[in-house]
1. Could you work out how much longer the chain between D119 and N80 gets when fully extended? Use 0.36 nm per residue separation minus the Cα distance between them, nm to one decimal.
2. For the chain, with a Gaussian network of springs between Cα atoms less than 10 Å apart, report the residue from F38, F49, F58 with the top mean-square fluctuation.
3. For R68, R135, what ranking results if the residue with the fewest other Cβ atoms within 10 Å of its Cβ goes first?
4. For segment 11-65, which trypsin sites (Lys or Arg not before Pro) pass both filters: DSSP loop (anything but H, G, I, E, B) and at most 13 other C-beta atoms within 10 Å?
5. What are the ³J(HN,Hα) couplings of segment 41-58, residue after residue, when phi is run through the Karplus curve with 6.51, -1.76, 1.60 and θ = phi - 60°? Round to Hz, x for glycine and proline.
6. If exposed means no more than 13 neighbouring beta carbons inside 10 Å and the site is in a DSSP loop, what's the longest run of the chain without any exposed GluC sites (Glu not before Pro)?
7. Kindly identify segment 34-103 as rounded, prolate or oblate by the Cα gyration tensor criterion: order the square roots of the eigenvalues as a ≥ b ≥ c, call it rounded if a/c is under 1.5, otherwise compare a/b with b/c, prolate if a/b is larger, else oblate.
8. Could you work out the Rg to Rh ratio of the chain, with Rh taken as the Kirkwood radius (inverse of the mean 1/r over all Cα pairs)?
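We did not get these values from a lab; they are worked out from the coordinates using the rules stated. Computed from a predicted model, the values in this text were never measured in an experiment. We place every Cβ from the backbone using ideal geometry, glycine too, and count neighbours over all the protein chains shown.
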Amino acid sequence: TGNRTFTMIKPDAVENGYIGAILDKITAAGFKIVAMKFTQLSTRDAEIFYAIHKERPFFGELVEFMTRGPIVAAILEKDNAVDDFRALIGATNPEEAAEGTIRKLYAASIGENAVHGSDSDENAAIEGAFHFSGREIY
Ligand code: CMP
């Protein structure tokens, strides 16, 4: 698979003061940060970013949550980035996440689950391009 993935440190983790701890786990696991910004999603941004979940019952809650405060968005580089990053963050539901994973350590619930990780190389490219122009990737 490809060598890049896209991540967001979500509003809950920012509010709880976990930006530094999460970035430490990411870099310690061998990911190189090639783009990064501290930003806040507008409602429109969140609705576009999560368009795939539009028909889900939790869509409104998801958009509310993701726009309620700032996030850290980043593009990460590593061999096998998408799969290795998903292993590092753990299952969507922190109660099911393996010991030592970012969600097990820092997430409270399936809705407020601390971090995003792209689920495919194709989505990694789409999501990275949503947040970063070519000139913001180093
Ligand atoms: P993520 O996989 O990063 O992107 C989709 C998000 O939808 C997911 O993280 C959760 O934050 C959220 N989500 C998934 N399932 C539920 C659920 N059952 N209830 C609330 N939020 C959910």
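1. Numbers: separation 39, 0.36 × 39 = 14.04 nm, distance 1.20 nm.
Gain in length upon complete extension: 12.8 nm.
2. Greatest mean-square fluctuation among the candidates belongs to F58.
3. Details: R68 16, R135 7.
In increasing order of surrounding Cβ atoms, one gets R135, R68.
4. Details: sites: K25, K32, K37, R44, K54; in loops: K54.
For trypsin sites (Lys or Arg not before Pro) across segment 11-65 that sit outside H, G, I, E and B with at most 13 neighbouring Cβ atoms in 10 Å, the list reads K54.
5. Those phi angles translate into 6, 7, 4, 4, 4, 5, 5, 6, 4, 9, 3, 4, 9, 3, 8, 6, x, 8 Hz.
6. Numbers: sites that count: E55, E99.
Free of exposed loop sites, the longest segment is 1-54.
7. Cα axes put segment 34-103 in the oblate bin.
8. Working: Rg = 13.8 Å, Rh = 14.9 Å.
My calculation of the ratio gives 0.93.
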